[in-house]
Amino acid sequence: MKAEPQALSGGVKKRKKGKFVQYFKQFDLQLMVIPGLLFILVFNYIPMYGVLMSFQDYNIFEGMMKSEWVGLKHFSMFFNDPRFVEIMRNTIVLSLFKILICFPAPILLALMLNEIKNMAFKRTVQTVTYLPHFLSWVIVAGFAMSMLSTDNGSLNMALEKLNIIDEPINFLSKPEYFWTIIVTTNLWKTIGFNSIVFMAAIAGVSPQLYEAASLDGASRFKQMFLVTIPSIMPIIVIFMILEIGNLLNAGFEDLLLLGDAAILRSVSDVIDTYVYRVGIGSARYSYATAIGLFKAVISLGLLTLANYLARRSGNSLW
Amino acid sequence: MIKPTFSDRIMIGFIYFFLIFLAFVTFYPFWNSFVISLNEGKDTMLGGVTFWPREFTWENYEVVFQDKRLLNAFLVTILRTVVGTFLSVLVTALLAYGLSKKELIGRKFFMIFCLLTMFFSGGLIPTFVLVKGLGLMDSFWAMILPTLVLVWNMIIFRTFFQQLPNGLEESAKIDGAGNWQIFFRIIVPLSGPVIATLSLFTAVFHWNDWFFPSIYITSENLIPIQTLLRQVINSNTVTSQMGQLDAGALSHMMEAAKVTGKSLQMATMMVATIPIILVYPFIQKHFVKGVLIGSLKE
């Protein structure tokens, strides 16, 4: 009876020693992953630990060890923030608009490109529409400001020429236009590049299906609805579900660059930009971290829900 | 194949029309800005400059290339892009290669360790406080180190490495090559397309990022071009922002009113954009593949 546990622990020890020796035997292999893992540890895991400062009155001179613990103070402060409702509304509305418009658009584009038999034309349209993906938001915002400017901006010039308006409209300082501008610029930036995945999915549809459909007398238009769309539906569903996990990511750079004017803040501030303004702008670290954590926890919940839905539809994310 | 029906023809016609419209709308803002950057500033103010420069001039670019602050910002951007991309791709690929080896001790744990970061992150402020705490504020490395390992890229690399045939590695191992030798002599040469794609994506990130420098960098001589451009676009007094320019030259040109704030801004935007535009069409085939490897993993 007594000997057994001893033998067991001896066995464990031996195996441990074996692992240890093995580890050094493959140390050159381990050396490959050490730098990468260290960077992840420092720049991803330490900030996760740093999240604890949302339960403190963090003081940059005291550090996290000595700062006072205050429980959920900062969270209740956020829920009672006079801007709370406005910020949540902006976050969800902007995000939903982006899902409703910027998500289906690349699918439509891919379906249209699929009907084009002229390869040179197709290639040109693809290359041109990929372009905005590679531009920084600073440049895109610069283009938007230039297009929408009252001072000979192309849109105002065109509208005046067509006699739709008499006076140039200052689109970028009117809150009622802001959401439209954001959704349009996002659409402009993402439609081409995001169509790549759907183009590939369409290319993977078996040609036999089209042959069978055309033998049955289906026109090309009908084939699109009866063959192409049903065939790529699983991929569309998966990407749609993924969007759920992104619900609180309503945008950041675009909103900071185009919606920075004081007059636009009531429609442009979302959770992420508010964290930035409160945390970096006003140096209220604990409060901003609490808002960020609130968002991260809800996002994690949404992502879990998304995975549950994806699994039910037969595709797991992890 | 059956003959296209009447409604098919209408549909195809509509699709051609729509795609031409889309291509135009996508390209026009870029083209218009390019045209304005090649037009005399004062003439642009009269309005109506759309598809072609009316009073062609190189002067906007001449001014831009004389502005020491802009030139410095360019150098910072180039240096950041080269150093950041090289280090990021190297460390990420090494990590991915190690994690693609079944015999790696701790492989499962390391993978989970990496993947968890995709579901939860500390967020902006704790990262900011960390960078501050590490003494990286206002240093070049604040723009490089925090985003050095991108887990998403690591997964793409790993998927690619796992698909490579084993034979070459095995025979190299028999010849006595170590893991590092195999990686640099065999794996890297076989991975041209995926390295090119991920390097392009990483380089585009570094070239385009304006936000991190805006919170980490305070010294003027470390500010990259996109961040400077943001300051220039945001301020109304553009020309005064074009600061360090040789005062004599600028006032001379402003007197002649050939350049204006807007024309200079457009020229700067073009200089910040054109390098990327010259590169991406050539890697198009590869990055389409790269996007697909990434999305398959989803």
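Look at A:MET199 and say whether it is buried (at least 17 other Cβ atoms within 10 Å of the Cβ) and more than 7 Å from every other protein chain (Cβ to nearest Cβ). Yes, satisfied.
Quick check on B:GLU298: is it at pLDDT below 70 and closer than 30 Å to A:PHE239 by Cβ?
Yes, satisfied.
Of note, B:LEU245 does not satisfy the criterion of being out of contact with any strand residue (DSSP E or B) (no Cβ under 8 Å at 6 or more places or on another chain), outside any loop (DSSP other than H, G, I, E, B) and at pLDDT below 90. Reported count of residues in the stretch B:147-204, each being open to solvent by 80 Å² or more (accessible area, probe 1.4 Å) and touching a residue at least 12 places away in the same chain (Cβ under 8 Å), is 4. Set side by side, the residues A:ALA213, A:ALA310, A:ALA290, A:ALA218 differ, and just one is open to solvent by less than 20 Å² (accessible area, probe 1.4 Å) and within 21 Å of A:PHE103 (Cβ to Cβ), which is A:ALA310. Just one of the listed residues (B:ASN72, B:ASN153) is farther than 29 Å from A:ILE271 by Cα and of a type outside the set (Phe, Trp, Tyr), and it is B:ASN72. Candidates A:LEU247, A:LEU256, A:LEU293, A:LEU242: the one that is more than 10 Å from chain B (Cβ to nearest Cβ) and of a type in the set (A, V, I, L, M) is A:LEU247. Can you find, within the stretch B:42-56, the residue that is farthest from the other protein chains (Cβ to nearest Cβ) among those that are open to solvent by 20 Å² or more (accessible area, probe 1.4 Å), not in a helix (DSSP H, G or I) and not small (Gly, Ala, Ser)? By that ranking, first place goes to B:PHE56.
Condition first: in contact with a Gly (Cβ under 8 Å, 6 or more places away or on another chain) and not in a helix (DSSP H, G or I). Now tell me which residues in the stretch A:152-164 satisfy that.
Of everything in the stretch A:152-164, just one residue is in contact with a Gly (Cβ under 8 Å, 6 or more places away or on another chain) and not in a helix (DSSP H, G or I), namely A:ASN152.
If the condition is being more than 9 Å from every other protein chain (Cβ to nearest Cβ), open to solvent by less than 20 Å² (accessible area, probe 1.4 Å) and part of a helix (DSSP H, G or I), then the stretch B:1-41 contributes B:VAL35, B:SER37, B:GLY41.
Just the residues that are of a type in the set (Gly, Ala, Ser) and more than 7 Å from chain A (Cβ to nearest Cβ), please, taken from the stretch B:87-110.
Listed by number, the residues that qualify are B:SER88, B:ALA93, B:ALA96, B:SER100, B:GLY106.
A count restricted to the stretch A:100-138 and to residues that are more than 10 Å from chain B (Cβ to nearest Cβ) and among the aromatic types (Phe, Trp, Tyr) stands at 1.
Counting only residues that are at the interface with chain B (Cβ under 8 Å from one of its Cβ atoms) and open to solvent by 50 Å² or more (accessible area, probe 1.4 Å), the stretch A:46-61 holds 3 of them. Criterion applied to A:ALA261, A:ALA306, A:ALA250, A:ALA290 was being touching a His at 6+ places or on another chain (Cβ under 6 Å) and in contact (Cβ under 8 Å) with a residue 60 or more places away in the chain, and the one residue passing it is A:ALA290. The condition of being in contact (Cβ under 8 Å) with a residue 40 or more places away in the chain and either away from chain B (no Cβ under 13 Å) or surrounded by fewer than 19 Cβ atoms within 10 Å (Cβ to Cβ) (or both) holds for only one of A:THR190, A:THR150, A:THR184, that being A:THR190.
Condition check ((1) more than 18 Å from the chain's Cα centre (by Cα); (2) open to solvent by 10 Å² or more (accessible area, probe 1.4 Å)) across all residues:
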position: A:PRO234; (1), (2): yes, yes
position: A:LEU247; (1), (2): no, yes
position: A:ALA250; (1), (2): no, no
position: A:ALA261; (1), (2): yes, yes
position: A:ASP269; (1), (2): no, no
position: A:SER282; (1), (2): yes, yes
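Of the helices (runs of 4 or more DSSP H) lying entirely inside the stretch A:30-143, the ones with 2 or more residues being assigned by TED's automatic domain parsing to the domain that holds A:LEU248 and closer than 30 Å to A:ILE196 by Cα are found at A:84-97, A:104-114, A:119-130. Taking the criterion of being at the interface with chain A (Cβ under 8 Å from one of its Cβ atoms), surrounded by fewer than 16 Cβ atoms within 10 Å (Cβ to Cβ) and without any contact (Cβ under 8 Å) to a residue 24 or more places away in the chain, the only residue of the stretch B:111-131 that qualifies is B:PHE119.
The values are calculated or read from the model by the stated rules, or taken from the named source; none is laboratory data. Bear in mind the structure is a predicted one, so any value in this text is a computation, not a measurement. Using ideal geometry, Cβ is built from the backbone for each residue, glycine included, and neighbour counts are taken over all protein chains shown. Note: accessible area is taken over every heavy atom of the protein model, side chains too, but ligands, DNA and RNA are not part of it. Shrake-Rupley method; radii C 1.70, N 1.55, O 1.52, S 1.80 Å.
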